[in-house]
Amino acid sequence: MTLPNGVLSVCELAQHVPVRSARFLLGIAGPPGAGKSTLAQRLCAKLGEAGRAAVVAPMDGYHLRNEVLRARNALARKGEPDTFDAAGFVADLRLLRETPVGTPVPWPLFDRAIDEPTDGGVVVRDEHIVIVEGNYLLLTDAEAPGWAEVRGLLDECWYLDAPRPVLTERLVHRHTVGGRTPDEASEKVAGSDLRNADLIAASRNRADYVLTAEGPSFRVN
Ligand SMILES: Nc1ncnc2c1ncn2[C@@H]1O[C@H](COP(=O)(O)OP(=O)(O)OP(=O)(O)O)[C@@H](O)[C@H]1O
Ligand SMILES: [Mg+2]
């Protein structure tokens with residue numbers, strides 16, 4: 001799709017998502033706390049209002065379970081690329097591409113309240129537009145093994161960016177709401193989230209467009 005440079009509302013972004021007979025997979029990559037899940041849901045809602053069935057398929061559902069991470073001594077690093085089932089994510093993206101519209105494809109979700117993927121998730125079936133959102137959609141295998149195939153399975157991929165102080169504030173807030181003390185939250189953000197953000201930032205130039213929030217709208221570059 002061709003997005004004009006400038007500031008676009010979510011409604012205008014939705015209008016640029018192409019109409020195709022085959023399924024269209026739009027990726028939204030970006031660092032933790034950038035607002036990917038929020039934008040994906042808003043875009044999905046706008047497409048729905050316009051009579052275009054869309055669904056959000058988050059990468060988050062491919063978090064490895066806590067018992068698996070514990071067994072690998074990786075629980076403290078949860079959120080890093082190798083704490084996800086990248087192979088399962090790639091396989092399910094391929095399945096989404098290969099399955100005709102109308103045939104159900106189950107997709108896992110992540111439940112932040114219990115900090116685990118959910119068994120049920122969502123079922124993609126009649127939707128022509130799938131918004132795939134997550135941190136690691138644009139990585140090369142040199143950056144983290146297992147992720148490089150993702151980009152080729154998406155029709156297009158945006159990168160949602162946000163200034164580092166904004167990310168920091170949002171992530172500290174999230175971790176304190178999740179039960180950490182302010183010190184523990186700051187430590188998690190500095191030691192883990194922002195390191196992941198740096199890795200992700202290296203993939204920014206592989207995006208078709210870079211978006212940054214401006215009020216309720218988005219600047220497109
Ligand atoms: N455009 C925006 N303006 C202000 N706040 C926002 C905006 N987008 C998201 N937020 C807020 O920022 C926080 C993080 O948003 P969100 O969960 O969508 O980020 P994310 O990129 O999906 O993060 P993660 O990678 O960790 O899943 C939320 O509290 C959300 O309400
Ligand atoms: Mg999210």
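Key figures
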quantity: Output for the stretch 37-56, where each listed residue is in contact (Cβ under 8 Å) with a residue 40 or more places away in the chain and within 13 Å of ligand 1 (Cβ to nearest atom); calculated: 37, 39, 40, 43, 44, 56
quantity: Candidates 204, 180 - the one that is more than 13 Å from ligand 1 (Cβ to nearest atom) and at pLDDT below 95; calculated: 180
quantity: Of the criteria (1) within 18 Å of the chain's Cα centre (by Cα); (2) within 17 Å of residue 33 (Cβ to Cβ); (3) open to solvent by 50 Å² or more (accessible area, probe 1.4 Å), which one residue 190 fails; calculated: (1)
quantity: Filtered residues of the stretch 113-153 (kept if among the hydrophobic types (A, V, I, L, M, F, W, C), away from ligand 1 (no atom under 16 Å from the Cβ) and under 23 Å from residue 199 (Cα atoms)); calculated: 142, 148, 153
quantity: Counted residues, the stretch 145-165 - those being part of a helix (DSSP H, G or I) and open to solvent by less than 50 Å² (accessible area, probe 1.4 Å); calculated: 2
quantity: Set 89, 110: member being within 21 Å of residue 123 (Cβ to Cβ), within 16 Å of ligand 1 (Cβ to nearest atom) and buried (at least 22 other Cβ atoms within 10 Å of the Cβ); calculated: 89
quantity: Residue among 126, 161, 115 that alone is in contact (Cβ under 8 Å) with a residue 40 or more places away in the chain and on the phi > 0 side of the Ramachandran plot; calculated: 115
quantity: All positions within the stretch 48-64 that are under 18 Å from the mean Cα position of the chain (by Cα) and of a type outside the set (A, V, I, L, M); calculated: 58, 60, 61, 62, 63
quantity: Residue 34 being within 14 Å of ligand 1 (Cβ to nearest atom), out of contact with any Phe, Trp or Tyr (no Cβ under 8 Å at 6 or more places or on another chain), open to solvent by less than 20 Å² (accessible area, probe 1.4 Å) and in contact (Cβ under 8 Å) with a residue 60 or more places away in the chain; calculated: yes
quantity: Subset of the stretch 116-129 [within 16 Å of ligand 2 (Cβ to nearest atom) and either surrounded by 19 or more Cβ atoms within 10 Å (Cβ to Cβ) or closer than 18 Å to residue 84 by Cα (or both)]; calculated: 116, 117, 118, 121
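The values are calculated or read from the model by the stated rules, or taken from the named source; none is laboratory data. Predicted, not measured: the structure shown is a model, and the values here were computed from it. Quick reminder, even Gly has a Cβ in these numbers, built from the backbone with ideal geometry, and neighbours come from all protein chains shown. Note: areas computed on protein heavy atoms with side chains; ligands, DNA, RNA excluded. Shrake-Rupley method; radii C 1.70, N 1.55, O 1.52, S 1.80 Å.
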